[in-house]
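First up is the structure itself, then whatever we jot down about it.
The values are calculated or read from the model by the stated rules, or taken from the named source; none is laboratory data. Owing to the predicted nature of the structure, the values given are computational and were not obtained by experimental measurement. Don't worry about glycine lacking a Cβ; one is built from the backbone with ideal geometry, like all the others, and counts go over all protein chains shown.
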Amino acid sequence: MYLQVVAMRFHGKALEQSQIRSAESVPAEVIVAHENSDALGRYSDVARASAAGDGREQLLPALYDCRLSHMGHGGFVLQGLELIGSVAFAQNWWCRPVLR
């Protein structure tokens with residue numbers, strides 16, 4: 001699904017609402033899949049935001065143990081863990097549809 005994505009946390013710390021609303025969104029193809037994660041050593045639902053079309057260029061770090069947190073008429077929030085090095089941080093993605 002092609003979406004505008006905004007990360008709502010920085011190293012696990014929630015950003016202020018004003019920071020989230022003013023942040024530049026990343027236009028990305030978002031795919032959620034259940035896969036075996038080498039980083040976690042187990043299966044996980046993983047969301048990936050990649051450049052449209054190729055799927056190779058990751059625009060944001062993957063979101064592990066991903067789940068739908070909130071949904072409204074203008075978009076939804078995915079919640080999960082973001083791995084930076086070997087450290088897992090909480091992360092939320094605010095996702096809004098893009099009309100092509």
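When A28 is tested against the conditions (1) in a strand (DSSP E or B); (2) farther than 19 Å from M8 by Cα; (3) touching a Phe, Trp or Tyr at 6+ places or on another chain (Cβ under 9 Å); (4) of a type outside the set (S, T, N, Q), the lone failure is (2).
Taking L99 and the conditions (1) in a strand (DSSP E or B); (2) free of Cβ contacts under 8 Å to residues at least 12 places away in the same chain; (3) exposed (fewer than 11 other Cβ atoms within 10 Å of the Cβ); (4) not β-branched (V, I, T), which numbered condition does it fall short on, given that it satisfies the others? Answer for L99: the failing condition is (1). Note on the range 20-32: among residues that are touching a residue at least 24 places away in the same chain (Cβ under 8 Å) and either surrounded by 13 or more Cβ atoms within 10 Å (Cβ to Cβ) or in contact with an Asp or Glu (Cβ under 8 Å, 6 or more places away or on another chain) (or both), the one that is nearest to D65 (Cα to Cα) is V32.
Under 6 Å between Cβ atoms, at least 6 apart or on separate chains: pull out the pairs that start in the range 1-19 with a residue that is within 14 Å of L63 (Cβ to Cβ) and end on any residue that is assigned to a loop (DSSP other than H, G, I, E, B) and aromatic (F, W, Y). Note: no pairs meet the criteria.
Residue selection: Y43 satisfies the criterion of being at pLDDT 95 or above, surrounded by fewer than 16 Cβ atoms within 10 Å (Cβ to Cβ) and either not polar (S, T, N, Q) or not in a strand (DSSP E or B) (or both). You will find that of E16, E35, E57, the residue that is of a type in the set (D, E), under 18 Å from A90 (Cβ atoms) and surrounded by fewer than 16 Cβ atoms within 10 Å (Cβ to Cβ) is E16 and no other.
Among residues of the range 59-72 that are under 12 Å from L40 (Cβ atoms), those with a Cβ under 6 angstrom from a residue that is part of a strand (DSSP E or B) and among the basic types (K, R), sequence gap 6+ or separate chain, pair up as A62/R48.
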